[in-house]
Amino acid sequence: MVATRLVIVGGFLGAGKTTLLAQAARRFIDQGFRVGLITNDQGSNLVDTALLEHQGFPVAEVAGSCFCCAFDDLLKAIAQLQSSIQPDIILAEPVGSCTDLLATVIRPLKQLFPEQFEIAPLSIVVDATRDVQTLSPNVAYLFERQIREADVILLNKTDLIDAAAQRRREDELQSQFPDSRAFIVSARSGAGIERWANHLAGLTSSNEIELDIDYARYAEAEAELAWLNVRGSIRASRPFLPRHWITQLFTSLEETLHPAPIAHIKAKVTTPVSTFKTSLTDYGGNVTWDVDMQDDPTDQLDFVLNARVDTQTARLQQAVSQSIEANRPDPLSRYYLTHLECFRPLPPKPTHRISGNPKRAT
């Protein structure tokens, strides 16, 4: 049996994992490899899955829980890809609030299926523009624990900061996490992706780190965030510009939710001729257009919106509903919501947790 190469890329909500994996997948495909992707979230109807499928990638989804707590579902997702495309490489993206991946995902895969998988060193994506001071202490703790267990740190969105800020963030990461290898990348432009992929080539996870993590605090951090997923469509009585609609929706959400800390709000919008994917990770920050096609007028669009915000679930659901209602393209337009869920994640209960070497614990 030829082992499937498994590349797991974690990182906090909004760090740019999906865009980065899409860039990496294209490069591997261009090199002649068969590539599959696995997305993961606490809910269903994910922007990331919809976007990757739209771009033509084979995608399997683990929904309703993180990889560690839905380990059997992760195995089913891998089996689905193996059955459908027989991938040489699988790129997997765990939930953005997930950590302790070495003990709960990587070591179990290596020990239970030693001949089936070749697991690359764990990579963690870090948003170079993210101000950790805007996060609560518990969420900041989760953010730090994610980076702490990384074999490789990918400092992303460096195209949005100047060279001096880039060097400062790189020096901070390398000083705080000296055992990890740091790479400067831009998922949007693709800069640095090939260098990272070349570094991983032939390497496997060292499988040695024992992450010191307080699971009670980990659970509190996840539970501080309200999660909302909504899918719907608009049918208007006259043409409107979809990019303007998206911009106004995000502006309304910022105004309605302020000052509740935003972990990540993202949307995928499709019209008969165009697709847009937009993200926001802080108030007053740049709305990131990961996919931005021609803004042709349309009288209809379909959308998927995912929001993770440090607020009450009722407030988040109300803010989203009010913002959608307030953003009607015209008085006669109609909204149709086909899916809406708003919740707080349950405490993590990993299927497996296998200890490692404590030499790098803190």
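The values are calculated or read from the model by the stated rules, or taken from the named source; none is laboratory data. Keep in mind that this is a model prediction, so the values were computed, not measured. Positions of Cβ are backbone-derived with ideal geometry, glycine not excepted, and every protein chain shown enters the neighbour counts. For the accessible areas, the whole protein counts, side chains as well, though only heavy atoms, and no ligand, DNA or RNA atoms are used. Shrake-Rupley method; radii C 1.70, N 1.55, O 1.52, S 1.80 Å.
Quick rundown of the values:
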{"read-out": "Share of carbon and sulfur in the accessible heavy-atom surface of segment 259-358 [1.4 Å probe, %]", "value": "50 percent"}
{"read-out": "Relative contact order, percent, segment 52-124 [alpha-carbon distance under 8 Å, six or more residues apart]", "value": "26 percent"}
{"read-out": "Using a Förster distance of 25 Å, the FRET efficiency for Gln116-His199 (Cβ separation, nearest 0.05)", "value": "0.60"}
{"read-out": "Point-charge dipole on Cβ atoms (K/R +1, D/E -1) for segment 128-270, about Cα centre, debye to 20", "value": "1100 debye"}
{"read-out": "The chain, relative contact order in percent, only Cα pairs under 8 angstrom and at least six apart counted", "value": "22 percent"}
{"read-out": "Rounded to the nearest 10 Å², the accessible area of Phe343 at probe 1.4 Å", "value": "50 Å²"}
{"read-out": "Debye log10 I(q)/I(0) for the chain, one point scatterer per Cα, at q = 0.08, 0.12, 0.14 Å⁻¹", "value": "-0.38, -0.87, -1.20"}
{"read-out": "Proximal charge balance of Ser189 [Cβ under 14 Å; K/R count +1, D/E count -1]", "value": "+1"}
{"read-out": "Label-to-label distance, nm, for residues given as Tyr335 and Ser189 (7 Å Cα→Cβ offset)", "value": "3.7 nm"}
{"read-out": "Pairwise FRET efficiency - Ala164 versus Asp214, Cβ, R0 = 45 Å, nearest 0.05", "value": "0.80"}
{"read-out": "Lysine-lysine proximity count for the chain, Cα under 19 Å, sequence distance 8 or more or distinct chains", "value": "10"}
{"read-out": "Between segment 105-164 and segment 25-61, the alpha-carbon center distance in angstrom", "value": "19 Å"}
{"read-out": "Residue-span extension gain [Val287 to Ala326] - 0.36 nm each, minus C-alpha spacing", "value": "12.1 nm"}
{"read-out": "Unit charges on C-beta of K, R, D, E only; dipole of the chain, Debye", "value": "280 debye"}
{"read-out": "Highest-fluctuation residue, Ala216, Ala226, Ala120 considered, GNM on the chain with Cα pairs under 10 Å", "value": "Ala216"}
